[in-house]
Amino acid sequence: MRGWISFALTVLLLVAAFLAANRLIPNEHLPWRPLDPERPIGMATKGQLLRLSVAPSEVCMAMARDIAAFESIPSEPREAQDPCGWDVARLVYGAQNAILAPGEANMQCPLSVATYLWVRQVDQLARDRYDQPLAKIHHMGSYSCRRQRGNGSGRWSEHAFANAWDVAAFELADGQLIQLLRDWDSEDKDHREFLRDARHEACRIFNVTLSPDYNAAHRDHFHVDMGPYSTCR
């Protein structure tokens, strides 16, 4: 009998702790809660994005559609080309006041939502460090039917499924351009730290973030993706 009473008390305490956590701890720190893209980045955000990526596609598409500050529309399906392409994706123009340059990019829906979160974070970094907002994100594209290695070998790249994005530079409202190739090891401390802060924020959001510190092939851009592996370098 005492064992059952002890067990029941333990269960009650666990239930009470769960209910208290659900009520008192912000959504972004609770891994069992769904992603709220309007909330700050938290300890559970990355896991919530992972759950979104395995949820039915209409869940993510509805979320992306309803983010007021996110400029995106559904993409036309691109028929697989053994195995490249996508069935469901978003055509992303930008987020907040920052637009993509030279133009929009097709992204798998979870990648597009992660991109919105990241651009929002980078915009805040720009405001904090330079006292002005982000205006443009200069990128190298998202979709490319290729393998990971330049010689055509290795696994298929996440770019082959519009599930990766390469970013080369950030442009501020006054036209100032902060480039990965030029400024990663720049003498300008603000530029160096801004880019490393941008990488840090990307690592809190995307499954994979690769920077110039990774290898020479990434000396001029950030690579971010929502593939099955987790890397921050």
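The values are calculated or read from the model by the stated rules, or taken from the named source; none is laboratory data. All figures in this text were calculated on a predicted structure; none of them were measured in a lab. Using ideal geometry, Cβ is built from the backbone for each residue, glycine included, and neighbour counts are taken over all protein chains shown. Side chains are part of the model used for accessible areas, which takes the heavy atoms of the whole protein and leaves out ligands, DNA and RNA. Shrake-Rupley method; radii C 1.70, N 1.55, O 1.52, S 1.80 Å.
Tabulated data
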{"quantity": "Selection count, the range 76-128, where residues are more than 19 Å from H223 (Cα to Cα) and touching a Ser or Thr at 6+ places or on another chain (Cβ under 9 Å)", "calculated": "3"}
{"quantity": "Count of the range 220-233 residues which are open to solvent by 60 Å² or more (accessible area, probe 1.4 Å) and either among the acidic types (D, E) or not in a strand (DSSP E or B) (or both)", "calculated": "4"}
{"quantity": "Subset of the range 89-101 (residues that are at pLDDT 95 or above and not charged (D, E, K, R))", "calculated": "A89, L91, V92, Y93, G94, A98, I99, L100, A101"}
{"quantity": "All strands (runs of 3 or more DSSP E) inside the range 118-219 with 2 or more residues being under 26 Å from Q108 (Cβ atoms)", "calculated": "134-141, 164-172, 208-210"}
{"quantity": "Only one of R120, R127, R78, R65 that is under 16 Å from the mean Cα position of the chain (by Cα), basic (K, R) and either open to solvent by 30 Å² or more (accessible area, probe 1.4 Å) or on the phi < 0 side of the Ramachandran plot (or both)", "calculated": "R120"}
{"quantity": "Pick from the range 81-94, criterion out of contact with any Cys (no Cβ under 7 Å at 6 or more places or on another chain) and either open to solvent by less than 10 Å² (accessible area, probe 1.4 Å) or in contact (Cβ under 8 Å) with a residue 60 or more places away in the chain (or both), ranking: farthest from L111 (Cα to Cα)", "calculated": "P83"}
{"quantity": "Selection count, the range 95-117, where residues are buried (at least 19 other Cβ atoms within 10 Å of the Cβ) and in contact with a Pro (Cβ under 8 Å, 6 or more places away or on another chain)", "calculated": "4"}
{"quantity": "Matching option when the condition is modelled with pLDDT of 95 or more and either polar (S, T, N, Q) or under 15 Å from the mean Cα position of the chain (by Cα) (or both), among S142, S153", "calculated": "S142"}
